[in-house]
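The values are calculated or read from the model by the stated rules, or taken from the named source; none is laboratory data. Here the structure is a predicted model, which means the values were calculated and not measured. Neighbour counts are summed over all protein chains in view; Cβ atoms, including those assigned to glycine, are modelled from backbone coordinates with ideal geometry. Just the protein is used for accessible areas: all its heavy atoms, side chains included, with ligands, DNA and RNA removed. Shrake-Rupley method; radii C 1.70, N 1.55, O 1.52, S 1.80 Å.
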Amino acid sequence: MARILQMATMLGSSRLGHGAFGFDERPSDAAPVPQMKRELPTRKMCLEAFKRTHYDILIIGGGAVGSGCALDAATRGLKTALVEANDFGSGTSSKSSKLLHGGLRDLEQAISRLDVAALRRVRCSLRERSHIGNLAPHLSRPVPIMLPVHHWWEAPLYYLKLKLYHLMAPKGTKSFQYLSADEALEVFPMLRRQELFGAFVFYEGQHDDARMCLSVALTAARYGADICNHMKVLRLIKSKDGNVAGAEAVDQLTGKKYSIRAKVVVNATGHMSDSLRQLEDSEAKPLCTRSWSSIIVLPRFYCPEEVGVFDPHTPSGRSIFFLPWQGHTLVGSGDESGSPPDQNAQPTETDVQSLLEGVKHFVSPSFDVRRCDVLAVWGGFKPLPVQSDSLRHTLLKNHVIHLGPRNMLTIVGGTWSSFRVLAEKTVNAAIRHGELSPLRKDSVTAESCKLDGASGWSPKMFIRLVQDFGMERDVAEHLSNTYGSNAFQVAVSAHSSGMAWPIVGKRLHSEFPYIEAEVKQGVREFACTLEDMVARRLRVAFLNVQVAGEILPQVASIMAKELNWTREHTRKQIRETRAFLNTQMGQLTKENASQMNIPIKMSVRQVRKYAGQFSQLDEDKTGYVSIADCCKVMKTMGVKEVPVDLMHNVLRDIDVHAQGKVNLYEFLLLMSALVQGDTGYLRYARLYLDQRKQMQASNVPIALPMELAGGGL
């Protein structure tokens with residue numbers, strides 16, 4: 001507590017104004033706010049510009065920082081080009097926790113180590129969160145976060161930390177409050193009462209990360225930047241003196257190569273930055289390291305609709321968060337795991353089970369946590385500067401801006417909360433080292449600039465969409481909070497629903513507010529593949545991977561008309577996107593199937609009998625049948641009254657991988673347990689397998705107690 005008071009004293013006595021946290025005071029005679037130069041260009045127009053333009057700055061990498069650099073440079077009047085090998089925001093930038101956090105954990109580090117630099121980093125993040133809210137008010141909003149208190153002595157410590165946190169935030173930031181244990185349970189009923197003393201509620205920012213990244217890139221294009229996704233850099237172009245003077249990139253959609261020349265090249269490729277640096281200098285030492293983290297998506301009943309939970313110190317020793325987002329619940333751990341060796345790593349079933357175990361230990365034991373509740377899962381790399389003596393001073397900022405031996409600038413590190421200020425610093429470095437002559441010396445993205453769609457937007461704008469166009473409320477809110485004032489363009493292009501109400505807006509799926517007109521809008525916003533559309537223009541792949549798979553043919557059909565795809569190319573897009581859903585977004589894979597280790601206790605004749613029943617029920621050959629169909633089968637097998645409660649327990653023991661339906665393997669286990677009446681075997685088999693996984697994880701020989709085995713297996 002003494003350390004907290006000392007940090008508070010330092011906060012009050014030191015000059016921790018704007019400049020102390022990385023912000024320069026704006027001169028009174030600053031240039032006027034620039035106006036957008038043009039309507040959104042097409043991808044073809046940008047490709048044509050690459051052929052004839054010699055740019056001031058070329059940015060490689062269309063993630064948060066790269067797109068931010070393009071916006072900062074374009075608004076200063078620099079000739080700017082941005083290329084991205086995949087889609088804008090397709091890497092880590094679309095796979096975050098969706099929080100614009102102010103750095104509460106950094107504050108803990110600042111207090112424990114009396115680290116003034118970390119304190120400044122927190123202040124900078126808090127101010128940047130405010131700047132991002134001004135930049136894109138339609139895409140970001142405050143979200144209350146509950147911080148559980150497990151012991152009485154934690155309450156005053158958390159209070160002082162949050163008080164300091166609030167004092168460092170800009171004026172107008174919502175304050176925090178304390179809740180008793182009973183009040184906390186009213187807000188989040190699934191918490192374990194016996195491990196709860198109370199809770200604090202404080203506020204962080206939340207946004208749609210992929211839409212934010214895309215909007216930054218598109219706004220840069222409207223300010224004059226030439227941007228292009230699916231452009232992979234093959235080599236760096238060097239001048240006569242050996243310095244980097246551009247890059248040769250290939251359009252991965254057509255195979256055509258382009259030589260893009262620029263005075264300064266910025267490497268903003270995130271965790272892949274060292275690969276590009278090798279093209280500049282084959283002997284370059286690593287500048288970037290990375291950590292991996294995964295997030296699972298659960299139904300909204302896992303978390304209150306408007307309140308998240310973050311516990312940095314659970315009784316089990318690990319951190320965990322529950323965040324409401326677009327009608328679903330995001331669950332992840334603040335603990336960073338080691339980096340997988342493969343740069344194209346994907347989330348695994350081990351990641352999923354690890355997070356589910358964390359959920360089970362955090363919520364009340366009476367709450368039934370199931371694998372089938374996982375609607376999607378994704379994982380991403382977090383790029384960090386390599387820890388070395390030469391970079392020790394820069395690690396205080398969690399980023400480094402490095403000038404290579406051939407004058408290529410590389411930016412490594414940063415978070416969504418700091419992307420804007422990192423872009424500003426990178427462009428400052430580019431102007432300095434490249435001796436560029438911008439129209440505006442200082443950045444305007446902090447307070448004067450707004451993203452396309454932000455001007456004219458208000459939180460109640462959706463009402464106009466309902467009243468003027470006859471849209472359903474949830475569709476109107478979604479369009480307003482996604483496109484801002486550009487939502488009216490989407491509404492104008494929307495087709496009639498064919499019903500009395502709603503009048504316009506054909507949904508792509510009944511459970512989601514996405515409409516067909518958004519697919520056409522997505523094509524205008526540089527969506528080139530089916531994956532671009534369902535993952536980053538419509539966020540359905542990040543919310544429910546099964547629904548994403550269901551709407552692929554419908555979305556592909558609309559895109560085919562807009563992009564003149566052939567039938568074969570359309571089928572190829574569907575195949576490739578299904579593979580993406582299977583490997584990157586948590587769809588059922590072979591690894592999931594390998595988890596099915598409970599032997600089926602039936603004779604061959606019985607298996608054939610029930611497999612035949614399953615095949616008859618699965619008329620569309622989806623590989624699944626509904627639980628309702630299973631009940632019908634039981635009645636034909638002589639079960640007069642289906643034991644619903646018993647079936648619930650059996651489904652829990654099987655740990656089915658989808659809600660409301662089972663595959664053939666799960667169907668056979670269900671029939672074995674309920675029709676054959678052998679539920680005890682299934683329960684003990686599950687217990688054995690759970691213990692075996694635990695023993696294998698700890699390298700301890702497997703030994704199941706005999707009293708739990710019911711005499712043996």
Return the pairs, sorted by first residue and then second, in which the second residue is open to solvent by 20 Å² or more (accessible area, probe 1.4 Å) and outside any helix (DSSP H, G or I), the first residue lies in the range 152-178 and is within 19 Å of LEU114 (Cα to Cα), the beta carbons are less than 6 Å apart, and the residues are 6+ apart or on different chains. LEU162/PHE176; HIS166/SER175
Assuming GLU183 fulfils every condition listed in (1) modelled with pLDDT of 95 or more; (2) of a type outside the set (Lys, Arg); (3) part of a helix (DSSP H, G or I) apart from one, which condition is it? (1)
Filter result for LYS174 (open to solvent by 50 Å² or more (accessible area, probe 1.4 Å) and either aliphatic (A, V, I, L, M) or not in a helix (DSSP H, G or I) (or both)): yes
Taking the range 286-297 and the residues there that are among the small types (Gly, Ala, Ser) and in contact with a Leu (Cβ under 8 Å, 6 or more places away or on another chain), the one that is surrounded by the fewest Cβ atoms within 10 Å (Cβ to Cβ) would be SER291
In this structure, is ARG300 at pLDDT below 85 and open to solvent by 10 Å² or more (accessible area, probe 1.4 Å)? no
Against the condition open to solvent by 40 Å² or more (accessible area, probe 1.4 Å), under 30 Å from LEU375 (Cβ atoms), at pLDDT 55 or above and not aromatic (Phe, Trp, Tyr), how does LYS661 come out, does it pass? yes
Identify the residue in the range 456-491 that is in a loop (DSSP other than H, G, I, E, B) and open to solvent by less than 10 Å² (accessible area, probe 1.4 Å) and, among all such residues, is nearest to LEU422 (Cα to Cα). MET461
Only unsatisfied item for SER275, checking (1) under 20 Å from SER67 (Cβ atoms); (2) buried (at least 18 other Cβ atoms within 10 Å of the Cβ), is (2)
Taking the criterion of being farther than 20 Å from THR254 by Cβ and buried (at least 20 other Cβ atoms within 10 Å of the Cβ), would at least one residue in the range 566-577 satisfy it? no
Filter the range 69-99 for residues that are of a type outside the set (A, V, I, L, M, F, W, C) and in a helix (DSSP H, G or I); the one that is nearest to ARG537 (Cα to Cα) is SER94
Members of the range 76-89 that are under 20 Å from the mean Cα position of the chain (by Cα), crowded, with 22+ Cβ neighbours inside 10 Å and not aromatic (Phe, Trp, Tyr): GLU84, ASP87, GLY89
Determine if the range 469-487 includes at least one residue that is among the hydrophobic types (A, V, I, L, M, F, W, C) and within 30 Å of CYS228 (Cβ to Cβ). yes
Residues satisfying the stated conditions in the range 523-546, i.e. more than 18 Å from the chain's Cα centre (by Cα) and open to solvent by 10 Å² or more (accessible area, probe 1.4 Å): VAL523, ARG524, GLU525, CYS528, THR529
Among (1) assigned to a helix (DSSP H, G or I); (2) under 18 Å from ALA446 (Cα atoms), GLY102 falls short only on (1)
Considering the range 367-408 alone, what residues qualify as being farther than 26 Å from LYS98 by Cβ, at pLDDT 85 or above and assigned to a loop (DSSP other than H, G, I, E, B)? GLY404, PRO405, ARG406, ASN407, MET408
Among the residues of the range 260-274, how many are more than 30 Å from LEU355 (Cα to Cα) and in contact (Cβ under 8 Å) with a residue 60 or more places away in the chain? 9
Selection count, the range 315-333, where residues are closer than 12 Å to SER354 by Cβ and either open to solvent by 30 Å² or more (accessible area, probe 1.4 Å) or aromatic (Phe, Trp, Tyr) (or both): 2
Restricting attention to the range 347-375, which residues are among the acidic types (Asp, Glu) and either within 23 Å of ARG193 (Cβ to Cβ) or open to solvent by 30 Å² or more (accessible area, probe 1.4 Å) (or both)? ASP351, GLU357, ASP368, ASP373
Taking strands (runs of 3 or more DSSP E) that do not extend beyond the range 198-309, which have at least 1 residues that are among the polar types (S, T, N, Q)? 198-207, 257-267, 288-299
Of the residues in the range 188-197, those that are in a loop (DSSP other than H, G, I, E, B) and out of contact with any strand residue (DSSP E or B) (no Cβ under 8 Å at 6 or more places or on another chain) come to PRO189
Is it the case that some residue within the range 181-188 is touching a helix residue (DSSP H, G or I) at 6+ places or on another chain (Cβ under 7 Å) and surrounded by 19 or more Cβ atoms within 10 Å (Cβ to Cβ)? no
Just checking, how many residues over the range 492-518 are open to solvent by 70 Å² or more (accessible area, probe 1.4 Å) and either assigned to a helix (DSSP H, G or I) or modelled with pLDDT of 95 or more (or both)? 1
Have a look at LEU403, LEU409, LEU422, LEU436 and point out the one that is aliphatic (A, V, I, L, M), in contact with a strand residue (DSSP E or B) (Cβ under 7 Å, 6 or more places away or on another chain) and under 17 Å from LEU126 (Cα atoms). LEU422
What single numbered condition from (1) more than 20 Å from the chain's Cα centre (by Cα); (2) under 27 Å from ALA118 (Cα atoms); (3) open to solvent by 20 Å² or more (accessible area, probe 1.4 Å); (4) not aromatic (Phe, Trp, Tyr) fails to hold for THR415? (1)
If I filter the range 448-455 for residues that are open to solvent by 20 Å² or more (accessible area, probe 1.4 Å), hydroxyl-bearing (Ser, Thr, Tyr) and at pLDDT below 90, do I get at least one hit? yes
Of LEU40, LEU147, which residue is open to solvent by 10 Å² or more (accessible area, probe 1.4 Å), hydrophobic (A, V, I, L, M, F, W, C) and not in a helix (DSSP H, G or I)? LEU40
Give the residue that is modelled with the lowest pLDDT, with candidates limited to residues of the range 583-617 that are under 15 Å from LEU664 (Cβ atoms) and buried (at least 18 other Cβ atoms within 10 Å of the Cβ). ILE598
